[in-house]
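Right, one structure below, let's go through it.
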Amino acid sequence: MKFPRTAMAEFARKAGDEGLMVGTEGNLSVRVKDKVYITPSGVFKKELSPQDIVVLDLEGNVLEGRNPSSEYRMHLALYEAREDITAIIHAHPPYTLALDLTGEDFSRDYLAEMPMILRKISRVPYREPGTEELAQEVAKAAKETNVLVLERHGAVTLGKSLSQALNLMLVLEKVCKVILLAKTCKAF
């Protein structure tokens, strides 16, 4: 991987270009040994520079940078629960959120990509963003999957790289877009 900070700035811009993160919303992180590189709070993701990335230890103490994302607790809980992952993306993809608001059952395999790429999609009940309660709910649900829909809040994808996590987020959003389009055509 490129230097974590450079890669993170690139992937944040990619997520912004894809409409997954608008303005200052969303966050991503990478774990490298005993450090977590995470996006800062309050910065436009499409304007993120490598110097903006915050470095935390595994307990959440800031080692370098300013304020980490308000969702840093969720990232740390996920890394603790899943030692096999090294990258997390939390975004607010609009089609995924719209489908969530309809009460969609994400366990139905409407498209081939669902069982082949996304596999299991877990839905996490609404908890206030940025809280320890949300962090623990997400970490618990992530033990069985790399794709989570956070009720009324967005989605989280996990991977061994930022590429893998972003691919899961992009495929999730495309699948949700197709399902919503089909539902509006009354095909379902």
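Per residue, the average separation of C-alpha pairs within less than 8 Å and at least 6 apart gives the chain a relative contact order of 21 percent. Build a GNM of the chain with springs between Cα atoms under 10 Å apart, and of Lys45, Lys174, Lys143 the one that fluctuates most is Lys143. Taking the chain as a Gaussian network of alpha-carbon nodes connected by springs under 10 Å, the highest mean-square fluctuation of the residues Asn61, Asn146, Asn27 belongs to Asn61. Mean sequence separation of contacting Cα pairs (under 8 Å, at least six apart), scaled by the length of region 129-169, corresponds to a relative contact order of 25 percent. When Lys and Arg each count +1 and Asp and Glu each count -1, what net charge do the other residues less than 15 Å away from Met21, Cβ to Cβ, add up to? Residues close to Met21 contribute a combined charge of -4. Model label sites at Ser70 and Glu133, defined 7 Å from Cα along the beta-carbon direction, differ in position by 1.5 nm. In order along region 131-138, phi translates into HN-Hα couplings of 8, 5, 4, 5, 4, 5, 5, 5 Hz, rounded to whole numbers, per the Karplus curve 6.51 cos²θ - 1.76 cosθ + 1.60 with θ = phi - 60° and x for Gly and Pro.
Please tell me which of these pairs span more than 18 angstrom C-alpha to C-alpha: Lys120/Lys174; Lys120/Lys186; Lys143/Lys174? Write down the numbers at each step before the final one.
Working: Lys120/Lys174 16 Å; Lys120/Lys186 25 Å; Lys143/Lys174 24 Å.
The answer is Lys120/Lys186; Lys143/Lys174.
Here the accessible area is traced with a 1.4 Å probe on the protein chains. For the chain, carbon and sulfur cover 51 percent of it. Comparing mean-square fluctuations of Ile85, Ile53, Ile117 from a GNM of the chain with C-alpha springs under 10 Å, the top value falls on Ile117. First check a/c for region 125-188, with a ≥ b ≥ c the square roots of the eigenvalues of its C-alpha gyration tensor; if it is under 1.5, answer rounded, and if not, answer prolate when a/b is larger than b/c or oblate otherwise. It comes out oblate by the Cα gyration axes.
Where Rh is the Kirkwood radius over the Cα pairs of region 1-137, the temperature 25 °C and the viscosity 0.890 mPa s, what D in µm²/s does Stokes-Einstein return? D = 155 µm²/s. For Arg123, the amide hydrogen comes within under 5 Å of the amide hydrogens of Val149, counting only partners 5 or more places away or on other chains and with H modelled in the peptide plane. Placing unit charges on the Cβ atoms of the charged side chains and taking the dipole of the chain about its Cα centre, the candidate lying farthest along the positive direction among Cys185, Thr102, Ala142 is Cys185. Based on protein heavy atoms only, the chain ends up with 49 Å² per residue of surface accessible to a 1.4 Å probe.
The values are calculated or read from the model by the stated rules, or taken from the named source; none is laboratory data. Predicted model only: the values in this text are computed from it and were never measured. For neighbour counting, all protein chains shown are included, and Cβ atoms are generated from backbone atoms with ideal geometry for every residue, glycine included. Heavy atoms of the whole protein, side chains included, go into the accessibility calculation; ligands, DNA and RNA do not. Shrake-Rupley method; radii C 1.70, N 1.55, O 1.52, S 1.80 Å.
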